[in-house]
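Read the structure below first, then the notes.
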Amino acid sequence: MPDNNSDALVRFENVQKSYDGEILVVKDLNLNIAKGEFLTMLGPSGSGKTTCLMMLAGFEPATHGEIYLDDVPINRVPPHKRGIGMVFQSYALFPHMTIGENLAFPLEVRKMGKSERDEKVKRALDMVQLGAFADRRPAQLSGGQQQRVAVARSLVFDPDVVLMDEPLGALDKNLREQMQYEIKHIHERLGVTVLYVTHDQSEALTMSNRVAVFDAGIIQQLAPPDVLYEQPTNAFVADFIGDNNCLVGTVTEESENSCVVQTPDGSNIKANKINIAGKGQKSTLSIRPERVIVNPDPGQVPNIFKAKALELIYLGDHIRTRMEVCGNDQFYVKIPNSTHHADLNQGDEVTIGWNEYDCRALDN
Ligand SMILES: Nc1ncnc2c1ncn2[C@@H]1O[C@H](COP(=O)(O)OP(=O)(O)O)[C@@H](O)[C@H]1O
Ligand SMILES: [Mg+2]
C-alpha cells in the first residue's frame, strides 16, 4: 500500500518515547497506516512495540512528536474518545459479567440504547462463532473462546482502528494458527484498520499487508511479507525473518550492483550489493538455506565451494543439513525430499553453490 499521507488513517510523526527521561525506547517513529490496512509491528521483546500501541491508544504520552488519526492530532484526546478497540494477550474480560454483558459494556460506556446494543452484541458474537455463548461467564469458556470474545469486544463499537498486542501469545500452536486465519478473515470482511503486535515472524507474515520490523525502538524495514523475506535491507531483518545463513567477510571488489566479499578463510563470494559501506569494509552476506544448490554443474552458478555435511536432520518434506563452507560450520542447506534429491550422509564432502542474486551483501 502506498505510504503517502492522503490515505493514511494513522500517522506517527517524529514520535519519541522515554520513560525515564534518558533512554529513548522509541527513537524517531515515522509511520503511516493506511485505512483498511493490516499492519504488524514485529520485533524482539523490549524493542518498543507495546509502547507504540500505548501511545496510539492514549495510555502513554509521547515524549516528542505527534500522532494523527484521520489527520487530527490526538496527543490531547483522551483514550475513550479516540475510537480505538484493543485486544491484549491476557483476555481482560470481566469475570463477573456474562459474555453478552462483556460485549455490551463498551456500548454502554458510549451511551448506546438497549435495542441497538443487543443487535450489535449479537452481530459481534456471531462473527466469532460464539452466538450461543452470550449467557455464559468467561470462566466457562476455553482460552481460545475467551480470546475470540476479546476480539469481538474490540470490534463491537465499530472502531476506526483496532490494536492487538500479542493477542494469541497464550494459545497453543494449533489454536494460534487457526485464530490467525480467523482474525485475518474478520479483517478482510470488515475492512477495519488493524495495528497488530507480535514477536512471532510467521504470525506476522501470515496475517499482514505490511510488516514493520522493529529493533531497539527503530523500524528496521517496513514492507509487505514477501519483500521482507526476499529483499531484506539489513542483516537484522535478514536474520529475524525466516531461516538465514550469515557469512561475514570484507568487501574486496565493488561495482554498480554487485560486489565480492572475502571470508576469513580466503573464499571470494560474489554477491548482490545491497547495503555495504564500501571496499575494505565488513559485510554480512545473507543466503537463504533453500537457495543453496547441492552438487551444481560446473558454471551453473558463480559461487561454487567445497563443503562438508556435518549434521543431517530429517524433517519430512526436506532434510535440513548443517554444513561447513567458507570457514563457517553453521551453514544450513535445505534439501527438498523429492524423488531425485541429493543422497547425503554425515561426513560427506560435496560442492555446493548459489547465485549472485540469492546472496545479499548487507551491513555488518
Ligand atoms: N511503563 C514502563 N515504565 C518504564 N519502562 C518501560 C515501561 N514499559 C516499557 N518499558 C521499557 O521500554 C522498553 C520497550 O518496552 P515495550 O514497549 O514493552 O517493548 P515490546 O512490546 O517490544 O516488548 C523496554 O526496555 C521496557 O522495559
Ligand atoms: Mg510488548
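The values are calculated or read from the model by the stated rules, or taken from the named source; none is laboratory data. Quick caveat, the model's predicted, so the values are computed rather than measured. Cβ coordinates were reconstructed from backbone atoms using ideal geometry, including for glycine residues, and neighbour counts include every protein chain displayed. Surface accessibility is based on the protein's heavy atoms, side chains included, excluding ligands, DNA and RNA. Shrake-Rupley method; radii C 1.70, N 1.55, O 1.52, S 1.80 Å.
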Next item on the list: Can you give me the number of residues within segment 267-284 that are part of a loop (DSSP other than H, G, I, E, B), in contact (Cβ under 8 Å) with a residue 40 or more places away in the chain and out of contact with any Gly (no Cβ under 8 Å at 6 or more places or on another chain)?
Entry: 5
Next item on the list: Find all pairs meeting these conditions: Cβ atoms under 8 angstrom apart; at least six residues apart or on different chains; first residue within segment 93-108 and free of Cβ contacts under 8 Å to residues at least 60 places away in the same chain; second residue outside any loop (DSSP other than H, G, I, E, B) and of a type in the set (Val, Ile, Thr).
Entry: ILE99/VAL149; GLY100/VAL121; ASN102/VAL149; LEU103/VAL121; LEU103/VAL149; ALA104/VAL121; LEU107/VAL121
Next item on the list: Run down VAL77, VAL72, VAL26 and say which single residue is in the same structural domain as MET164 (by TED's automatic domain parsing) and touching a Ser or Thr at 6+ places or on another chain (Cβ under 6 Å).
Entry: VAL26
Next item on the list: Pull up segment 85-100, narrow it to residues that are at pLDDT 95 or above and not in a loop (DSSP other than H, G, I, E, B), then point me to the one that is farthest from ligand 2 (Cβ to nearest atom).
Entry: GLY100
Notebook entry, point to check: In segment 141-156, is there at least one residue being in the same structural domain as PRO106 (by TED's automatic domain parsing) and touching a Ser or Thr at 6+ places or on another chain (Cβ under 8 Å)?
Noted result: no
Notebook entry, point to check: Does at least one position in segment 162-169 carry a residue that is open to solvent by 50 Å² or more (accessible area, probe 1.4 Å), assigned by TED's automatic domain parsing to the domain that holds ASN14 and not aliphatic (A, V, I, L, M)?
Noted result: no
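Quick grid of which residues meet (1) over 25 Å from ARG189 (Cβ atoms); (2) over 27 Å from the mean Cα position of the chain (by Cα):
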site	(1), (2)
ILE74	yes, no
GLY83	no, no
VAL87	no, no
PRO95	yes, yes
LYS114	yes, yes
ALA132	no, yes
Item checked: Matching residues, segment 302-349, being in a loop (DSSP other than H, G, I, E, B), of a type in the set (D, E, K, R) and under 33 Å from the mean Cα position of the chain (by Cα) -> ASP317
Check: Limited to segment 41-84, what total is found for residues that are outside any strand (DSSP E or B), within 11 Å of ligand 1 (Cβ to nearest atom), over 12 Å from ASP165 (Cβ atoms) and open to solvent by less than 20 Å² (accessible area, probe 1.4 Å)?
Finding: 4
